[in-house]
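The values are calculated or read from the model by the stated rules, or taken from the named source; none is laboratory data. Because the structure is predicted, anything quoted here is derived from the model rather than measured. Every residue, glycine as well, gets a Cβ built from its backbone with ideal geometry; the counts of neighbours run over all protein chains shown. Ligands, DNA and RNA are excluded from the accessible area calculation, which covers all protein heavy atoms including side chains. Shrake-Rupley method; radii C 1.70, N 1.55, O 1.52, S 1.80 Å.
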Amino acid sequence: MHLPLNALRAFEASARHLNLTHAAQELHVTQTAVSQHIRNLEAHVGKPLFRRLPRGLALTDEGQALLPAVAQAFGSLQRALEQLADSRPREVLTVGVVGTFAVGWLMPRLREFQAQHPFVDLRLLTNNNRVDMAGEGLDYAIRFGDGAWHGTQSDQILEAPLSPMCTPGMARGLVSPADLARLPLLRTYRAEEWSDWFAAAGLACPVLRGAVFDSSLTLAEAAAQGAGVALLPVKLFVRYVSQGRLVQPFALELYKGAYWLTRLQSRPPTIAMQVFREWLLAQMEAG
């Protein structure tokens, strides 16, 4: 079946502007040419697509049904042409990411990065902050700590102080930090974090009776299901707060480190590495 592409383009522009003059200006043709294209398309489909008004146009029911398909098709063509016009060859970029940061910050923004840099073939490997960059073939590793890893170059990307989080129902019984001693205190393998938080609150740490988890992701989910109170980086669990599953009962926060973008000093940065680093730092600067 012959597709009248020029007529479809004239239809799409006219439907957006609802004005033949403005459509003609956008397409760099005469108003007469746009009118003729629309008449040809209406003859092709056998139905009117516009109603002519004294001061413009209005879509008929048939025109309203056709417009989304035409607009989507031209949008897909435009994106495909833009990708073909990008002369850079596709590059694989392998990034190891702490699971908490991947789920809590990176994944919601990946679509934007890939739309801006379609030549990057991104591979994400999640971990619990323990990586062997050379052994795993990583271009970058995003991990939590003080930024001092031997043989690496590090860029600080996000401070993530820790604070107790629990269900709203559990929080209603908490008036002061001392009240936490009555509840199960969930923890990861970094057992000293609760001791340090209570010290910052001017209290002795109670006996830790809660379960131990190997990641903050499972720790947060356990807290959200009412298993106890978890010490979490609040910035990375805002989705739990917005869903009403977790709250932060006390403002006191414990600074134990930050998230860093790291690469081996022996690894020369590729173009894909450079654009990922620039994008990530720009995202952080923009807040």
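Taking the C-alpha atoms only, the angle from helix 61-85 to the longest principal axis of the chain is near 70 degrees. Taking Lys and Arg as +1 and Asp and Glu as -1, the other residues whose beta-carbon sits under 11 Å from that of Ala220 total +1.
Express as a percent, rounded to the nearest 5, the fraction of DSSP beta bridges in the chain (both residues included) that run antiparallel. Display every interim value, and only then the final one.
Values: 22 of 37 bridges.
So the antiparallel bridges in the chain amount to around 60 percent.
Round to a whole number: what % of the accessible area of the chain belongs to carbon and sulfur, probe 1.4 Å? Write down the numbers at each step before the final one.
On the way: 8210 of 15270 Å².
In the chain, the share of accessible area belonging to carbon and sulfur is 54 percent.
Ranked by solvent-accessible area (1.4 Å probe, protein heavy atoms only, all chains present), the residues His2, His117 order from largest to smallest as His2, His117. Excluding the site residues themselves, the longest part of the chain lacking any trypsin sites (Lys or Arg not before Pro) in a DSSP loop with at most 12 other Cβ atoms within 10 Å is 210-287.
When nucleic acids and ligands are ignored and a 1.4 Å probe is applied, Glu278 ends up with an accessible area of around 110 Å². Amide H contacts under 5 Å for Leu125: Val95, Gly96, Val97, restricted to partners 5 or more places along the chain or on a different chain, H placed in the peptide plane at 1.01 Å from N.
Would you mind checking the tilt of helix 5-17 against the longest principal axis of the Cα atoms of the chain, expressed as 0 to 90 degrees and rounded to 10? Relative to the chain, helix 5-17 is tipped by roughly 70 degrees.
Computed from backbone phi, the HN-Hα couplings of the stretch 150-167 come to 4, x, 10, 9, 10, 10, 5, 10, 7, 7, 9, x, 9, 8, x, 9, 7, 5 Hz, rounded to whole numbers (Karplus: 6.51 cos²θ - 1.76 cosθ + 1.60, θ = phi - 60°; Gly and Pro given as x).
Mean residue ellipticity at 222 nm, helices only, the chain: -11500 deg cm²/dmol; runs of at least 4 DSSP H residues each add -39,500 (n - 2.57), and the sum is divided by the number of residues.
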